[in-house]
Amino acid sequence: MSTPDPASTAAELAAVTETVERSRERVAGMAEPFLGTERDDIVTAVYEAERQLLGAERALQRALKIVRG
């Protein structure tokens, strides 16, 4: 079995982290049209999704930091 390449893993983690960050920003923007309307349910659900993406982003950043040493 070959030894895993940390540089390759770091590059992939960085790319995925960036994708999750952009997705989180897009998701957060989806709630804005519903702010101040009677659709608090949509705002709450979208913000919850944003928080979960933020958690995923932070976990990926921690993994990247570990891989880079």
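Laboratory data are not the source of any read-out in this text; all were calculated from the coordinates shown. None of these values were measured; they are calculated from a predicted model. All Cβ positions, glycine included, derive from the backbone under ideal geometry; neighbour counts span all protein chains shown.
Results, tabulated for the structure shown:
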read-out: Region 25-46 residues that are without any contact (Cβ under 8 Å) to a residue 40 or more places away in the chain and surrounded by 10 or more Cβ atoms within 10 Å (Cβ to Cβ), paired with ones that are among the hydroxyl-bearing types (S, T, Y) and not in a loop (DSSP other than H, G, I, E, B) (beta carbon under 8 Å, 6 or more apart); value: A28/Y47; A31/Y47
read-out: Criterion violated by A28 - all others in (1) within 17 Å of A59 (Cβ to Cβ); (2) under 16 Å from the mean Cα position of the chain (by Cα) satisfied; value: (1)
read-out: Subset of region 14-69 (residues that are among the aliphatic types (A, V, I, L, M) and over 23 Å from P4 (Cβ atoms)); value: V27, A28, M30, A31, L35, I42, V43, A45, V46, A49, L53, L54
read-out: Check on E50, on the phi < 0 side of the Ramachandran plot, of a type outside the set (V, I, T) and in contact with an Asp or Glu (Cβ under 9 Å, 6 or more places away or on another chain); value: yes
read-out: Top-ranked residue in region 31-69 [being over 14 Å from V16 (Cβ atoms) and of a type in the set (V, I, T); ranked as nearest to the chain's Cα centre (by Cα)]; value: V46
read-out: Scope region 13-65; condition basic (K, R) and in contact with a Ser or Thr (Cβ under 6 Å, 6 or more places away or on another chain); matching residues; value: none
